[in-house]
1. Using 5 Å bins from zero, what percent of all Cα-Cα pairs in the stretch 48-105 falls into each bin?
2. Leaving ligands, DNA and RNA out of it, report the carbon-plus-sulfur percent of the accessible area of the stretch 66-133 at a 1.4 Å probe.
3. Mind giving me the FRET efficiency for ALA100 and LYS46? R0 is 45 Å, r the Cβ-Cβ distance, nearest 0.05 is fine.
4. Ranked from highest to lowest mean number of other Cβ atoms within 10 Å per residue, what is the order of the peptides 40-50, 61-71?
5. Excluding ligands, DNA and RNA, what is the solvent-accessible area per residue of the stretch 40-90 at a probe of 1.4 Å, expressed in Å²?
6. Estimate the FRET efficiency between ARG16 and GLN78 by the formula 1/(1 + (r/R0)^6), using the beta-carbon distance for r and 35 Å for R0, to the nearest 0.05.
7. For a quick size check, give me the Cα extents of the stretch 16-116 along its three principal axes, largest first, whole Å.
8. Long-range amide H contacts for ALA76: which residues qualify at under 5 Å (H placed 1.01 Å from N, peptide plane, sequence gap of 5 or more or a different chain)?
Amino acid sequence: MTGTFDRPGTTPVVRRRRPAFAAPRDEIDVPPIDQIAPPLDPPWRKEDTDTPDRKALYLHPDGHSVGLRIQSRGFAIQTWITAGPDLPPLPDTATAAEQAEAQAARDARLQPGRTWHAVLNTRTSKALATDLGALVRDRLLPALTNKPRGIPAPPPPARIGQSDPTPTTEGTQK
């Protein structure tokens, strides 16, 4: 019997080997990230990375950063945004209501040093460059001023044999 012993006194564990002629396990051929990374408007600037085919990094003068990375085997592109070190100052000469509003806006921001992540599934994307650009512009950059609270869960499905709990009052007014 072939195999290796993990611990003395246990049964051998047979480890299968992949044949040399076998194709690599599921892998998606994704173009280099430099080719599909979206252009961001100034003052964002793209940094040089040590792996430009797998990772891209953008920096903002306020200290914010946006990163893109192709995950192993090309199934996903991980994106993230990190808030810079400073929050905008509160107005000194404002009324109490204006200061409260400014404080609420400040609290809604992504806090300094915090990161928000989003993932692009490459298997379902028909146009990687377009989808990646939309993800960065529509989900990551707005997180600086209005941090997301997560993705809302879909409503639970109706159970078999029970009526749908959602009211259907289309076209009627009371």
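1. Histogramming the stretch 48-105 at 5 Å steps yields 4, 15, 16, 14, 12, 10, 8, 7, 7, 5, 1, 0 percent.
2. Values: 2020 of 3850 Å².
Using a 1.4 Å probe with all protein chains present, the stretch 66-133 comes out at 53 percent carbon and sulfur.
3. Values: r = 38 Å, r/R0 = 0.86.
For ALA100 and LYS46, the calculated efficiency is 0.70.
4. Numbers: 40-50: 11.2, 61-71: 17.2.
Those peptides, ordered most packed to least, come out 61-71, 40-50.
5. Numbers: 2730 Å² over 51 residues.
Averaged over the residues of the stretch 40-90, the accessible area is 53 Å².
6. The pair ARG16/GLN78 has a calculated efficiency of 0.70.
7. Result, largest extent first: 74, 30, 17 Å.
8. GLN71, THR122
The values are calculated or read from the model by the stated rules, or taken from the named source; none is laboratory data. Worth saying up front: this structure is predicted, and the values here are computed from it rather than measured. Glycine also receives a Cβ, built like all others from the backbone with ideal geometry; neighbour counts cover every protein chain displayed. With ligands, DNA and RNA removed, areas are computed over all heavy atoms of the protein, side chains included. Shrake-Rupley method; radii C 1.70, N 1.55, O 1.52, S 1.80 Å.
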